[in-house]
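Have a look at the structure that comes next, please.
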Amino acid sequence: MDYSYATERYDTEVNAREYIEGFHNADYFIKFCQQCRNYGCRYGCPPFDYDPLEVIKRYDRVRPSLEAFGFDISKTAKELLGLEIKWSSGDFIPEYLTLVGGIFY
């Protein structure tokens, strides 16, 4: 079987306030976090002993694990980077993997 790999990098810069307003949906995504064995066990995973939205509102530009803070990563990749995230299901492995991250500064 011939495996070929490539790495591509996509960058964008977005105003933090606009990103919060357009992509934050913690109420929807927290249910997925609660199903994870790391829920409540890692410093970067919810639940937090502070309001993460209050922390990131201090910044002008976009940070941390975006999904842990309730951001829609599929929407982020599609609308800001022009990428469709491929998800696995059962025995299906997607044709490519996508890592999405952000830095609030």
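About the Cα centre of the chain, what is the dipole size in debye to 20, counting +1 per Lys and Arg Cβ and -1 per Asp and Glu Cβ, all else neutral?
Details: 12 positive and 17 negative charges, 60 e Å.
That gives a dipole near 280 debye.
Per q in 0.16 1/Å, what log10 I(q)/I(0) does a Debye calculation on the alpha-carbon atoms of the chain return?
Relative scattering, expressed as log10 I(q)/I(0), comes to -0.80.
Let me ask something else about it. At a Cα cut-off below 20 Å, give the aspartates and glutamates reachable from LYS86, other chains included and same-chain residues fewer than 8 away excluded.
GLU8, ASP11, GLU67, ASP72, GLU95
Calculate, for ALA26 and TYR105, the FRET efficiency according to 1/(1 + (r/R0)^6) with r their C-beta to C-beta distance and R0 22 Å; round to the nearest 0.05. The partial results should precede the final answer.
Values: r = 21 Å, r/R0 = 0.96.
Once rounded, the FRET efficiency stands at 0.55.
Lys and Arg at +1, Asp and Glu at -1: add these up for the other residues within a Cβ distance under 10 Å of VAL14 and post the number. Numbers along the way, then the final one.
Numbers: positive: ARG17, ARG61; negative: GLU13, GLU18, GLU79.
With Lys, Arg at +1 and Asp, Glu at -1, the net is -1.
Could I ask something else about it? Could you state the number of Å between the C-alpha centres of segment 25-70 and segment 74-105?
18
Take the solvent-accessible surface of the protein heavy atoms, probe 1.4 Å, and return the percent of it on segment 1-72 that carbon and sulfur atoms account for. Show your work: numbers first, answer last.
Values: 2590 of 5800 Å².
Carbon plus sulfur share of accessible area: 45 percent.
Next up: Where only protein heavy atoms count, and the probe is 1.4 Å, what is the accessible area per residue for the chain in Å²?
Numbers: 8400 Å² over 105 residues.
I get 80 Å² per residue for this part.
The values are calculated or read from the model by the stated rules, or taken from the named source; none is laboratory data. The shown structure was predicted, so the numbers you read here are calculated from the model rather than taken from an experiment. With ideal geometry, Cβ positions are generated from the backbone for all residues, glycine too; neighbour counts draw on all protein chains shown. Note: areas computed on protein heavy atoms with side chains; ligands, DNA, RNA excluded. Shrake-Rupley method; radii C 1.70, N 1.55, O 1.52, S 1.80 Å.
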